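What follows is one structure encoded as structure tokens, with my remarks underneath.
The values are calculated or read from the model by the stated rules, or taken from the named source; none is laboratory data. As the structure is a prediction and not an experimental result, all values here were calculated from the model. Don't worry about glycine lacking a Cβ; one is built from the backbone with ideal geometry, like all the others, and counts go over all protein chains shown.
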Amino acid sequence: MLHLNSLHRMVRWAAARSPGTRQKRLGIKIGILSGASSVTKTRVVLAARLVLGFLTVATCLLSAEQMACAQSRVACIGDSITYGALLPDRETQCYPAVLGSLLGEDYEVRNYGVPGAAMLRHSTRPYRTTDAFAESSSWNPDIVVIMLGTNDSIPINWQYRDEFEGDYLDMIAHYAGLPSMPLVYLCTPCPVYGPNMFGISPEVVRDEIVPLVWQIGAESYSPIIDVFTALSDLPDYFFDDHVHPNPDGAALIAATVWEVLTQ
């Protein structure tokens, strides 16, 4: 790897061997060149080009080194399932944390899950109005993983079902339009395994929201991560509230997301 101190020595070497060194380094001054012989002019130009070549190569190498060292930033957008509600050790067991471990040191994964958040603007807690939405946007991620829709199935929210598709497409456009130009992935929501204290509807999630996410993915050319299918027929991977994945469930979500991101 060519470092700046090596580059500095190369520049000095080139300058020392040019005929213009005695005329204040390379001697690239109009007055001097005008009186120099054609051979001298040629040597000076070649020396200058040599230095410029060293600078160009060094810049390319340093830029490549910086790009290689930079981590890919992954923003996990979601609700309490992404947040890791009920997990005994949320900081290490939530699916974004497990995903970060699976992806390794070349990635930085951040959890932007907000309990109670929904995709619909007309809902009890629209994700767009949360601090996490603003923070995830200002972070300029390289990859965005969206998993919303579970809380949208609550009757007070789902009365605005006709707006779900448009609101989802707007969120995709928002993230895709960030300066970092991230790739946006859509997750189908987790299955819901029965009645619950939140009013989340297993039927609405399964029969309406999951198909809509697939449709929205096709319309926006966004890749789909099928979390719903991955966690189907696995009630033991959920807490007794029938909604939130336990540590095994969160780990399975992470593995499902990891598999798609690394394809």
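Let me confirm something: among ASP233, ASP241, which residue is more than 20 Å from GLY166 (Cβ to Cβ), free of Cβ contacts under 8 Å to residues at least 40 places away in the same chain and outside any helix (DSSP H, G or I)?
It is ASP233.
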Kindly provide the set of residues from the stretch 179-206 that are in contact (Cβ under 8 Å) with a residue 60 or more places away in the chain and either out of contact with any Pro (no Cβ under 9 Å at 6 or more places or on another chain) or charged (D, E, K, R) (or both), ordered by number.
-> CYS187, PRO189
Filtering the stretch 207-227 down to residues that are in contact (Cβ under 8 Å) with a residue 40 or more places away in the chain, in contact with a strand residue (DSSP E or B) (Cβ under 9 Å, 6 or more places away or on another chain) and not hydroxyl-bearing (Ser, Thr, Tyr), which residue is surrounded by the fewest Cβ atoms within 10 Å (Cβ to Cβ)?
-> PRO223
Subset of the stretch 244-263 that is without any contact (Cβ under 8 Å) to a residue 60 or more places away in the chain and surrounded by fewer than 19 Cβ atoms within 10 Å (Cβ to Cβ) - its residue that is farthest from THR82 (Cα to Cα) = GLN263
Flagged in the stretch 145-164 as among the small types (Gly, Ala, Ser) and in a loop (DSSP other than H, G, I, E, B), in numbering order, are GLY149
The lone exception for ALA132 - which of (1) under 25 Å from LEU87 (Cβ atoms); (2) in contact with a helix residue (DSSP H, G or I) (Cβ under 6 Å, 6 or more places away or on another chain); (3) assigned to a helix (DSSP H, G or I) it fails | (2)
Kindly indicate whether MET181 is modelled with pLDDT of 95 or more, over 18 Å from the mean Cα position of the chain (by Cα) and in a loop (DSSP other than H, G, I, E, B).
-> no
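Per-residue answers, yes or no, for (1) out of contact with any Cys (no Cβ under 8 Å at 6 or more places or on another chain); (2) closer than 18 Å to ARG161 by Cα:
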{"position": "GLU208", "(1), (2)": "yes, yes"}
{"position": "SER220", "(1), (2)": "yes, no"}
{"position": "ILE225", "(1), (2)": "no, no"}
{"position": "ALA255", "(1), (2)": "yes, no"}
{"position": "TRP258", "(1), (2)": "yes, no"}
